[in-house]
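Below: the structure, in structure tokens.
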Amino acid sequence: MRRLVRETYLEPGGLILPLFVCPGEGVKKEISAMPGNFQMSVDEVVRECEVVRSLGLGGVILFGIPASKDEEATDAYDPDGIVQRAVRAIKRATPDLLVVTDVCNCEYTSHGHCGKVVQDDVENDETLQWLAAAALSHALAGADVVAPSDMMDGRVAAIRKRLDENGFIKIPILSYAAKFASAFYGPFREAAESTPQFGDRRSYQMDPANRREAMREIALDIEEGADMVMVKPAMPYLDIIREARDRFDVPLAAYQVSGEFSMIMAAARNGWIDQERAMVESLTSIRRAGASIILTYFAKDMARLIG
Ligand code: PBG
């Protein structure tokens with residue numbers, strides 16, 4: 001009877017697993033705050049993607065940890081950068097697995113900010129050139145979807161233009177449209193080694209207090225050509241997800257971020273909550289709020305449970 005009257009379903013095809021690619025071979029290093037998640041070299045990521053594919057997940061999203069970082073985020077748009085190499089290898093091994101790439105500079109800059117820094121401030125417009133170049137290099141490597149997460153103004157239009165000029169008219173943009181300056185990114189910054197070396201990201205990420213501004217950001221990104229939009233983090237922002245679902249017709253994604261995952265894992269490991277139930281309930285709430293695509297570190301566990 002419960003099943004008959006249930007309103008919300010989760011399915012593996014709606015889940016995307018984030019993966020962290022690092023240099024080397026045979027490297028699989030667990031991220032301490034995110035049990036079951038690893039920094040993996042390209043060969044290991046390829047193996048992981050075979051598992052992801054067999055579980056029927058919607059896809060993976062790749063984050064890169066380059067061998068070296070510099071002021072210009074060179075590895076972010078290098079045709080032989082870490083993510084570009086990973087995409088090529090994955091597409092060779094599992095061509096029908098959807099590969100999304102995170103387009104951002106923070107993992108590639110020595111200062112850890114998402115763009116070009118001039119006098120302690122991120123230079124919006126010059127950063128757009130890096131982002132467009134990175135997105136194009138991902139598309140050339142074989143990425144199916146590019147996902148800009150930097151929150152610079154005008155990035156969706158800049159990326160769309162560069163992709164179109166180079167013949168990638170069919171590569172969709174999944175924009176991190178409403179990305180809040182959140183404490184819940186903590187474990188990710190350890191995982192991606194991208195903690196800002198000075199200041200914080202509040203000048204370009206959104207104030208958690210602002211709902212109307214989030215709607216404006218989403219509307220702007222859709223106008224600029226975003227094919228899908230994302231709200232991030234997820235659980236503390238279910239109202240934003242719901243309002244975005246009601247207002248906009250494009251596919252809506254939500255990112256259950258590292259801190260959301262780590263909190264559940266930590267509490268479960270202390271015996272304070274039931275891990276499986278907390279996983280299912282949190283993902284159900286995000287789906288119920290209106291996200292059809294969920295990026296989550298639980299993707300494999302959830303798929304195994306419902307598979
Ligand atoms: C930026 C980026 C971040 C996350 C995804 N893309 C970190 C940040 O903005 O500081 C966070 C994801 C997570 O916490 O799981 N490239």
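See the values below:
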{"item": "Solvent-accessible heavy-atom area per residue, rounded to whole Å², over the chain at 1.4 Å", "result": "44 Å²"}
{"item": "Gyration tensor (alpha-carbon) shape descriptor, the range 171-307, a/c threshold 1.5", "result": "oblate"}
{"item": "DSSP-defined antiparallel bridges as percent of all bridges, the chain, nearest 5", "result": "15 percent"}
{"item": "All aspartates and glutamates inside 12 Å of K28 as judged from Cα atoms, apart from same-chain residues fewer than 8 positions distant", "result": "D43, E44, E48"}
{"item": "Label zone at E165, where the point sits 7 Å out along the Cα-to-Cβ direction: the range 101-120 residues whose backbone N lies under 20 Å", "result": "103-105, 116"}
{"item": "Selected from P18, Q119, F180, residue furthest toward positive end of dipole (the chain; charges at beta carbon)", "result": "P18"}
{"item": "Dipole magnitude of the range 79-232, debye to nearest 20 (Cβ charges: Lys/Arg +1, Asp/Glu -1, about Cα centre)", "result": "440 debye"}
{"item": "Charge dipole (the range 2-227, unit charges on Cβ, about Cα centre) - positive-most of L140, L97, I82", "result": "L97"}
{"item": "Theoretical ellipticity at 222 nm over the chain - DSSP helices of four or more residues, -39500 (n - 2.57) apiece, nearest 500", "result": "-12000 deg cm²/dmol"}
{"item": "Extension gain (nm, one decimal) between D274 and D153, 0.36 nm per residue minus Cα-Cα", "result": "39.4 nm"}
{"item": "Shape call, the range 3-65: gyration tensor on alpha carbons, a/c limit 1.5", "result": "prolate"}
{"item": "Listed residues R202, R2 arranged by accessible area, highest first, probe 1.4 Å", "result": "R2, R202"}
{"item": "GNM top mover of A266, A192, A134 - the chain, alpha-carbon springs below 10 Å", "result": "A266"}
{"item": "Within a Gaussian network of the chain (alpha carbon springs, distance under 10 Å), most fluctuating of P251, P233, P148", "result": "P251"}
{"item": "Extension gain, E223 back to K29 (0.36 nm per residue minus Cα-Cα distance, nm)", "result": "65.8 nm"}
{"item": "The chain, dipole about Cα centre (Lys/Arg Cβ +1, Asp/Glu Cβ -1), debye to the nearest 20", "result": "1240 debye"}
{"item": "Calculated FRET efficiency for the pair D239/F198, C-beta based, R₀ 41 Å, to 0.05", "result": "0.80"}
{"item": "Between the range 172-224 and the range 27-59, the alpha-carbon center distance in angstrom", "result": "24 Å"}
{"item": "Candidates F63, F248, F180: whichever shows maximal mean-square fluctuation once the chain is modelled as a Gaussian network with Cα springs under 10 Å", "result": "F248"}
{"item": "Length released on extending from R6 to A93, taking residue separation times 0.36 nm less the Cα-Cα span", "result": "27.5 nm"}
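The values are calculated or read from the model by the stated rules, or taken from the named source; none is laboratory data. Computed from a predicted structure; not experimentally measured. We place every Cβ from the backbone using ideal geometry, glycine too, and count neighbours over all the protein chains shown. Accessible surface is based on the protein model in full, side chains and every heavy atom, while ligands, DNA and RNA are left aside. Shrake-Rupley method; radii C 1.70, N 1.55, O 1.52, S 1.80 Å.
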